[in-house]
Amino acid sequence: YNAQGDPETQRQQAQQALGDGAKVLILVNLDADSGAAIIADARAAGAHVVDYDRLTTGGPGADIYVSFDNLKVGTE
C-alpha cells in the first residue's frame, strides 16, 4: 500500500492488512509517532514489523530494521 504521505491513511492500511491476516508488515514510517502506533497495532495482532529505511523511535521498536548503503547505490 502507499498512503501518499498521510499517516492516518497509512495506519488504516496497516490495520486493514492485519485484519486480513498479515503476519508481517514492512513499514516505511511517515513519522515516529504514527510508526510507533502501527507497530503497537501489529504487536497486538501477533504480527511482526520490519522497519524499512526509516527507524521507528519513541515507542515499541520494530522486530528488524533494513536499509541500504546510500554511498553504494548505483555502483557495481
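The values are calculated or read from the model by the stated rules, or taken from the named source; none is laboratory data. Note that this is a predicted model, so its numbers are computed, not measured. So basically every Cβ, Gly included, is an ideal-geometry build from the backbone, and we count neighbours across all protein chains shown. With ligands, DNA and RNA removed, areas are computed over all heavy atoms of the protein, side chains included. Shrake-Rupley method; radii C 1.70, N 1.55, O 1.52, S 1.80 Å.
List of remarks:
- Scanning region 13-28 for residues that are more than 10 Å from the chain's Cα centre (by Cα) and either at pLDDT below 95 or surrounded by 13 or more Cβ atoms within 10 Å (Cβ to Cβ) (or both) yields 13, 15, 17, 18, 22.
- Taken together, the residues in region 1-12 that are over 12 Å from the mean Cα position of the chain (by Cα) and closer than 19 Å to residue 45 by Cα amount to 3.
- Here residue 27 fulfils each of the conditions (1) closer than 19 Å to residue 1 by Cβ; (2) out of contact with any Asp or Glu (no Cβ under 7 Å at 6 or more places or on another chain) apart from (2).
- Filter result (closer than 19 Å to residue 12 by Cα and charged (D, E, K, R)) within region 25-53: 31, 33, 41, 43, 51
- Applying the set (1) open to solvent by less than 60 Å² (accessible area, probe 1.4 Å); (2) part of a loop (DSSP other than H, G, I, E, B) to residue 38 leaves exactly one unmet item: (2).
Every residue, every condition in (1) open to solvent by 40 Å² or more (accessible area, probe 1.4 Å); (2) assigned to a helix (DSSP H, G or I), yes or no:
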residue: 1; (1), (2): yes, no
residue: 11; (1), (2): yes, yes
residue: 30; (1), (2): yes, no
residue: 46; (1), (2): yes, no
residue: 50; (1), (2): no, no
residue: 56; (1), (2): no, no
residue: 59; (1), (2): yes, no
residue: 71; (1), (2): yes, no
residue: 75; (1), (2): yes, no
